[in-house]
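Accompanying notes for the structure given below.
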Amino acid sequence: MPLDKESIYFSVVPADKDNTGFFWRQQAFNLQTFNSRLFDMFDFNYYTINSEHGTISLGEVILARAHRYRNYEKNFAASCISFLHRSCRAFCRLFVSVFHIFDNKLTIMIVPHSEGKVINFQTNVFALVSGVVIILGIVSSFFYFNRQVAGSSAEISRLMNENRQTLASLDELRDENNNLLQTAKRFQNSLSQSLSVLGIEQSDSISKASMKDSDLSALFGTDDIASGSLREATDIRNLTTYLDNAVQPIEQIGKMLESQNTLFTDIPSIWPVQNPNAHISMGFGPTVHPITGQWYIHKGMDFSTWRSGDPILATANGQIVTVGYNSSFGNYVIIKHKHGIYTRYAHMATIRVRKGQFVSQRDIIGTIGNTGVTTGPHLHYEVHIGSDVVDPAKYINVKLSD
């Protein structure tokens with residue numbers, strides 16, 4: 001019965017056409033989407049299929065389709081087994097052919113030009129090919145390692161050149177290191193002398209270094225050299241240690257200079273007139289009065305610039321205690337400094353400070369004039385310590401003009 005289509009639409013009805021007690025609904029099924037649920041729903045031997053080719057049971061259709069799929073599987077398996085069998089036979093034939101080719105016997109004869117004995121020996125293709133391959137491998141290895149050796153030789157030559165340059169640089173470094181050590185020794189000697197003059201105690205490491213007057217290596221310890229390390233590196237490490245030990249004395253010198261600078265700003269240590277034309281027109285001590293012509297004690301120093309209006313400076317830090325005028329000094333200012341020191345500035349044209357004001361060294365307190373008893377514009381400058389009048393030249397350290 002021709003029911004071999006992939007998709008058959010059919011009607012399911014009871015095989016005995018008995019409809020008593022039940023209502024059977026005609027329904028179409030697709031064999032291509034048939035699944036196990038249909039087995040649970042029907043008894044296939046009980047149902048038949050009405051088609052254009054006739055009437056058969058549904059069980060026969062299912063069995064025919066299953067039989068066809070089993071035939072497909074058997075044919076596929078047989079094809080695979082046949083393909084593998086043919087492949088194995090072809091491989092065996094190929095292997096046998098290659099074996100026969102390589103197993104062919106060859107006779108090699110060596111015939112000398114003279115009437116010597118002919119040399120011949122037998123071999124096969126496999127041995128001949130193997131020998132050729134081995135010879136080619138040996139020749140190739142020879143060229144490869146020869147190239148490697150040439151490259152290694154070039155690298156060794158380059159490294160030797162670098163080594164020579166490094167040795168030259170090391171020699172230069174040694175020379176510079178020796179120069180540095182000599183400079184350090186001179187610095188150490190100067191520092192030791194300066195510390196002795198200033199009364200600053202030296203550290204033990206600096207004192208020990210100053211006591212060694214031998215060669216450069218004797219300037220510092222040589223324990224590291226004895227242990228086998230580089231001499232240059234050891235010298236540099238010792239030099240670093242020495243410089244570290246020298247920091248504290250230098251800091252002490254800096255602090256002393258700072259305190260001295262503070263001291264210099266607290267005492268009248270500069271000229272009260274800062275001008276290129278400034279000069280001392282009359283010094284401290286006995287002299288002839290320019291107006292009366294009689295001898296008297298000049299209790300200060302006169303500074304002149306041959307003109308009025310040039311600024312007058314405070315010679316030290318202090319406080320303005322007097323701002324006044326009298327017939328002898330004219331306009332004058334008195335400044336109180338530390339350590340019981342006072343300074344007087346007289347014959348001023350103008351006054352730019354007030355009583356009670358604090359001034360610093362080099363502050364402008366007024367201008368040069370010729371107020372009071374004068375023969376011309378100048379500054380009369382006095383220094384007092386307590387109730388005593390002293391020579392200002394001892395503080396400003398100047399050389400009096402003739």
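Extending 7 Å from the Cα toward the beta-carbon at both PHE264 and VAL288 defines two label points whose distance is 3.9 nm.
Packing order of peptides 246-253, 104-111, 127-134, highest average first: 246-253, 127-134, 104-111 (average count of other Cβ atoms within 10 Å over each peptide's residues). Provide the net charge surrounding ASN331, with neighbours chosen by a C-beta distance below 14 Å and charges set as Lys +1, Arg +1, Asp -1, Glu -1. Taking every Cβ under 14 Å from that of ASN331, the sum is +4. Seen from ALA78, the other residues with C-beta closer than 13 Å to its C-beta sum to a net charge of +2, counting Lys and Arg as +1 and Asp and Glu as -1. Given the pairs LYS255/LYS299; LYS299/LYS338; LYS255/LYS338, which span a C-alpha to C-alpha distance of over 25 angstrom in this model? The answer is LYS255/LYS299. Within the shell of other residues whose beta carbon sits under 13 angstrom from the beta carbon of GLY318, the net charge comes to +3, with Lys and Arg scored +1 and Asp and Glu -1.
Starting from the alpha-carbon convex hull of the stretch 244-326, give the projected area averaged over all orientations, in nm².
Working: hull surface 36.9 nm².
Taking the Cα atoms of the stretch 244-326, their convex hull projects to 9.2 nm² on average.
Computed from the C-alpha gyration tensor, the three semi-axes of the ellipsoid equivalent to the stretch 96-164 are 46, 21, 5 Å, from longest to shortest.
No value in this document is a laboratory result; all are computed from the given coordinates. Quick caveat, the model's predicted, so the values are computed rather than measured. Don't worry about glycine lacking a Cβ; one is built from the backbone with ideal geometry, like all the others, and counts go over all protein chains shown.
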